[in-house]
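The values are calculated or read from the model by the stated rules, or taken from the named source; none is laboratory data. Since we're looking at a predicted model, the values are computed, not measured. Backbone-built Cβ (ideal geometry, glycine too); neighbour counts: all protein chains shown.
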Amino acid sequence: MSLSRRDFLAASAVTPVAVALGRSNARHTWQARPAAPINAVFTPIRRDVGYFTGRGGTIGYLINKDAVVVVDSQFPDSAQLCINGLQERSKNRGVDLLVNTHHHGDHTNGNPTFKGVTKRILANARAVELQRQVYQTAVKNAADKGAAAPAEIVVADRIFIDSWTEKMGGEDLTAKTYTPAHTSGDAIVVFEKANVVHMGDLLWNRAHPVIDRAAGASIANWIKMLDAISRAHSKDTIFIAGHSGGADVPVICKQAELTTMRNYLGALLAFTNVQVKAGKPREDVIAMKDVLTGFEDFGPLLARTLGPAFDEIKEGR
């Protein structure tokens, strides 16, 4: 099962935070509101590692008699469905560790739901900082409008800078920072013995990604990060994508899908650079609906990709 672009859009709504973030993408705000029915599915991969799809970014998991580890938390309601399934499969062990791959709401809004179940929450230090910044902006926007303050967020109580490792449940777990890319606080989680990597939103399988310039994203560096991740793993590694392009597009990927994503980002920059050199204004470029040659599965280009690419080229970074 995978999350379609339509379902992904339905899972989040425009909020005051999105306005505050300007050109940042609205569907990744901390207080995005689920709308569509949830089809919760647990899919085993190998060696007690698998993934859960409900609504939002894909959740990775390790479940055995000695440990339960979860990667990302989606939204409160889908998080509860995930917890219910974890408890059933682990005989009510609880969760030993929740890891957030980055700060976006469809990966962290479920943190409050996990709070009473998990012993620890771990994230990259920059991801925690960004999560707090977005929340503080939401609080200010609400106050400016005389609206009720937003609900409190839950951030990681354990942080790392470059990398973190620990042995849990017969697995060697590693979290490693690859940034700036999708944001300036991205990390992957590696289940070393299973040879499975949860990519967070560093990998969108055949789907136009969110490129969060307001949070420090860099398309050019994202390309380098995908190359680095691919080199660090093998042809047998299984990568769990944060999102995929539809129900018929798998979440489970191999190195070839990393290469496709990398080449797509390169093609996006090249296409946008042609428009910039032709002197086209930003509003015209982001309205374009061209399909990148060789990437027809991705569908027509979107403002959420063209806008950040335009800004990166114009600003030279």
Tally, over region 275-301, of residues that are closer than 30 Å to residue 231 by Cβ and loosely packed, with under 12 Cβ neighbours inside 10 Å: 3
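Matching residues to (1) at pLDDT 95 or above; (2) buried (at least 21 other Cβ atoms within 10 Å of the Cβ); (3) of a type in the set (Asp, Glu):
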| site | (1), (2), (3) |
| --- | --- |
| 182 | yes, yes, no |
| 185 | yes, yes, no |
| 189 | yes, yes, no |
| 194 | yes, no, no |
| 201 | yes, yes, yes |
| 223 | yes, no, no |
| 231 | yes, no, no |
| 242 | yes, yes, no |
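Could you say whether any residue in region 266-283 is in contact with a Gly (Cβ under 8 Å, 6 or more places away or on another chain) and more than 27 Å from residue 187 (Cβ to Cβ)? Spell out the reasoning first.
Taking region 266-283 and keeping what is in contact with a Gly (Cβ under 8 Å, 6 or more places away or on another chain), we get 267, 282.
Then drop every residue that is not more than 27 Å from residue 187 (Cβ to Cβ), which leaves 282.
Taking every residue of region 266-283 in turn, at least one turns out to be in contact with a Gly (Cβ under 8 Å, 6 or more places away or on another chain) and more than 27 Å from residue 187 (Cβ to Cβ).
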Could you tell me which of the residues 262, 317 is basic (Lys, Arg), modelled with pLDDT under 95 and either touching a His at 6+ places or on another chain (Cβ under 9 Å) or at negative phi (or both)? 317
Residue that is farthest from residue 215 (Cα to Cα) [pool: residues in region 115-152 that are in contact with a helix residue (DSSP H, G or I) (Cβ under 7 Å, 6 or more places away or on another chain) and among the aliphatic types (A, V, I, L, M)]: 117
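Provide a single number: the residues in region 89-113 that are part of a strand (DSSP E or B) and closer than 17 Å to residue 184 by Cα. Even if it seems obvious, please write down each step before you answer.
Restricting attention to region 89-113, the residues satisfying the condition of being part of a strand (DSSP E or B) are 95, 97-100.
Now restrict to residues that are closer than 17 Å to residue 184 by Cα: 99-100.
Total satisfying the criteria: 2.
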Count of residues meeting criterion [farther than 16 Å from residue 120 by Cβ and over 21 Å from the mean Cα position of the chain (by Cα)] in region 67-89: 5
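Just to be sure before I move on: is residue 121 surrounded by fewer than 17 Cβ atoms within 10 Å (Cβ to Cβ), aliphatic (A, V, I, L, M) and at pLDDT 95 or above in the structure I sent? Even if it seems obvious, please write down each step before you answer.
Numbers: surrounded by fewer than 17 Cβ atoms within 10 Å (Cβ to Cβ): no; aliphatic (A, V, I, L, M): yes; at pLDDT 95 or above: yes.
Against the criterion (surrounded by fewer than 17 Cβ atoms within 10 Å (Cβ to Cβ), aliphatic (A, V, I, L, M) and at pLDDT 95 or above), residue 121 does not qualify.
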Please state which of the following conditions residue 107 fails to meet, knowing it meets all the rest: (1) under 23 Å from residue 213 (Cα atoms); (2) surrounded by fewer than 14 Cβ atoms within 10 Å (Cβ to Cβ). (2)
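Among the listed residues 289, 277, 314, which satisfies the condition of being more than 30 Å from residue 51 (Cβ to Cβ), of a type in the set (D, E, K, R) and in contact with a Pro (Cβ under 6 Å, 6 or more places away or on another chain)?
On the way: 277 fails: in contact with a Pro (Cβ under 6 Å, 6 or more places away or on another chain); 314 fails: in contact with a Pro (Cβ under 6 Å, 6 or more places away or on another chain).
Just a single option satisfies the conditions, and that option is 289.
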Condition first: of a type in the set (Val, Ile, Thr), in contact with a helix residue (DSSP H, G or I) (Cβ under 8 Å, 6 or more places away or on another chain) and closer than 14 Å to residue 98 by Cα. Now tell me which residues in region 153-183 satisfy that. 154, 155, 159
Selection from region 140-157 of residues that are more than 17 Å from residue 74 (Cα to Cα) and surrounded by 16 or more Cβ atoms within 10 Å (Cβ to Cβ): 141, 142, 150
Within region 271-317, residues in contact (Cβ under 8 Å) with a residue 60 or more places away in the chain and of a type in the set (D, E, K, R) come out as 297, 304, 311, 312, 317
